[in-house]
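Asker: Structure in structure tokens, see below.
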Amino acid sequence: MSERVWQLVDGFDPLIHVWDSESVIYDRFSGNTHLLDVLSLRLVEMLANDGMSENRLISTMADELVVEVDDEFFSYIQMRLDALLKLNIAQSPNV
Amino acid sequence: MNLDALSVEKLQQKLSTEGVIFRTGPFTVCLQSPIESVARGIHLLYGQYPLVEAGEFVDFYVRLARPRGLRRWLKPQVEFGFDGNHPFKPLPLVQAFPMFEWTFNWCIANHMHRYLVVHGAVVERNGMAAILPAPPGSGKSTLCAALVSRGWRLFSDELALISLHDGQLVPLPRPVSLKNESIDIMKDYAADAVFGPSYLDTKKGTIGHMKSPLESVERAGEHAKATWIVMPKYASGVEACLTPVSKAKMCMLLAENSFNYSLLGEAGFKILTEMMDGCESYRFDYSHLDDAIATFDALEPTAE
């Protein structure tokens, strides 16, 4: 089974405004506005240039936060990726 | 010359014929109506508003009249006309004046896209304005009326106009619309204020209007910076309490409560987020108007 890869949806063109630990993000392409926490925004930033495997996203995030990648952290980040999927910000084409 | 320079009879005669053009906030409306209760309502509640000479630019041409047909004799109604169109079903004739208020809001919310238009009251003091975004039943208009009766300047009890040009709030002082028990509460609380008649059995229950204070009408050209966003919630027996709300969450709430945020797109996002940068945001629970006013009077501007 191939590893899950994430990327931003085609056309996604965000304007981002950050306040403390939260941000609002306006997608010029869809016209939608979303509220994102700091980790979700970081995931969006990590995907901005290119797609990334789920494992690499999670390990990079763990490095930045200086935490161990355990099951809890893994599902914590997966939950945010799934939320980005539902918001039509990110997609995982190979699933 | 203000509208109350005309007698009620003269006003009604003009309304019935060429119409009366007057200015409220940044907007000019030409109102035509042969209905007597409209003339009385306008004379009582809009008397201090400036008349505009025929030939000047008019934002909205509004007509309130009885629809034609047999039904007019069985069940008298009033119909709203806008630029010759009739976008809404008629209402009972006795609701003609409230219909003017509702449809005027509709005109602004659906056509004035040089502003981000948010559903909420706005009051101002010392150049600093508070936006009160809230759903029906939250006590927004009651709180707005109480604040206005205790020295805050009325910008609007229904539509917050945020200029796309500079992000400032633009006053739109019009009668404060009160519902049900709030009408008597405010008549007791603001004994010096002028109130129009109560209209029973409207789609919103009983409706009454409190006249905008003269100072608010006279200063309608003075814009102000949004300083606080306060989402009020009336609940019996609670202590007045301000609870901070994150800027991002309040920004989303304002966007959801805006009539034209989606239409404005990027410009709406930019003006809203820039405005939020300079605002403090709160949820506000209250049960007593005096406590609520004391809380508002103690609000401090954002530390920058």
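Asker: So B:Lys204 ticks every box in (1) out of contact with any Lys or Arg (no Cβ under 7 Å at 6 or more places or on another chain); (2) closer than 25 Å to B:Val62 by Cα; (3) touching a residue at least 40 places away in the same chain (Cβ under 8 Å); (4) surrounded by fewer than 24 Cβ atoms within 10 Å (Cβ to Cβ) but one. Which box is left unticked?
Answerer: It fails just one condition, (1).
Asker: Moving to a separate point now. With the condition being outside the structural domain of B:Arg174 (by TED's automatic domain parsing) and within 30 Å of B:Glu256 (Cα to Cα), I'd like the helices (runs of 4 or more DSSP H) fully within the range B:25-114 carrying at least 2 qualifying residues.
Answerer: Working: elements: B:36-45, B:71-74, B:96-111.
It comes to B:96-111.
Asker: Let me ask something additional. Of A:Asp20, A:Asp37, A:Asp13, which residue is within 12 Å of chain B (Cβ to nearest Cβ), within 12 Å of the chain's Cα centre (by Cα) and not polar (S, T, N, Q)? Please lay out each step first, then the result.
Answerer: Values: A:Asp20 fails: within 12 Å of the chain's Cα centre (by Cα); A:Asp13 fails: within 12 Å of the chain's Cα centre (by Cα).
After ruling out the rest, the residue left standing is A:Asp37.
Asker: From the residues in the range A:24-41 that are out of contact with any His (no Cβ under 6 Å at 6 or more places or on another chain) and buried (at least 19 other Cβ atoms within 10 Å of the Cβ), which one is farthest from B:Thr273 (Cα to Cα)?
Answerer: Looking only at the range A:24-41, we keep the residues that are out of contact with any His (no Cβ under 6 Å at 6 or more places or on another chain), and these are A:26-41.
Going one step further and asking which of them are buried (at least 19 other Cβ atoms within 10 Å of the Cβ), we end up with A:26-27, A:33-34, A:36, A:40-41.
Values: A:Tyr26: 10, A:Asp27: 14, A:Thr33: 11, A:His34: 13, A:Leu36: 14, A:Ser40: 19, A:Leu41: 16 Å.
Step by step, filter the range A:24-41, then rank; the result is A:Ser40.
Asker: Can you find a residue in the range A:41-62 that is within 16 Å of the chain's Cα centre (by Cα) and within 11 Å of chain B (Cβ to nearest Cβ)?
Answerer: For the range A:41-62, residues within 16 Å of the chain's Cα centre (by Cα) and within 11 Å of chain B (Cβ to nearest Cβ): present.
Asker: I'd like to verify a number: residues in the range A:65-95 that are touching a helix residue (DSSP H, G or I) at 6+ places or on another chain (Cβ under 7 Å) and in a helix (DSSP H, G or I), how many?
Answerer: Counting residues in the range A:65-95 that are touching a helix residue (DSSP H, G or I) at 6+ places or on another chain (Cβ under 7 Å) and in a helix (DSSP H, G or I) gives 7.
Asker: Would you be able to say whether some residue in the range B:73-89 is farther than 23 Å from B:Gly205 by Cα, surrounded by 19 or more Cβ atoms within 10 Å (Cβ to Cβ) and under 22 Å from the mean Cα position of the chain (by Cα)?
Answerer: Checking the range B:73-89: not a single residue is farther than 23 Å from B:Gly205 by Cα, surrounded by 19 or more Cβ atoms within 10 Å (Cβ to Cβ) and under 22 Å from the mean Cα position of the chain (by Cα).
Asker: When only residues in the range B:244-298 that are β-branched (Val, Ile, Thr) and closer than 27 Å to B:Trp106 by Cα count, which is nearest to the other protein chains (Cβ to nearest Cβ)?
Answerer: Among those residues, the one meeting the criterion is B:Thr273.
Asker: Right, another one. Looking at the range B:235-289 only, could you name the residues that are farther than 16 Å from B:Ser138 by Cβ, among the hydroxyl-bearing types (Ser, Thr, Tyr) and in contact (Cβ under 8 Å) with a residue 24 or more places away in the chain?
Answerer: The answer is B:Ser246, B:Ser258, B:Tyr261.
Asker: Right, another one. Would you please list the contacts, defined by Cβ atoms under 9 Å and residues six or more apart or on different chains, that run from a residue in the range A:34-46 that is touching a residue at least 24 places away in the same chain (Cβ under 8 Å) to a residue that is surrounded by fewer than 17 Cβ atoms within 10 Å (Cβ to Cβ) and among the aromatic types (Phe, Trp, Tyr)?
Answerer: A:Leu39/A:Tyr76
The values are calculated or read from the model by the stated rules, or taken from the named source; none is laboratory data. These numbers come from a predicted model, not from an experiment. For neighbour counting, all protein chains shown are included, and Cβ atoms are generated from backbone atoms with ideal geometry for every residue, glycine included.
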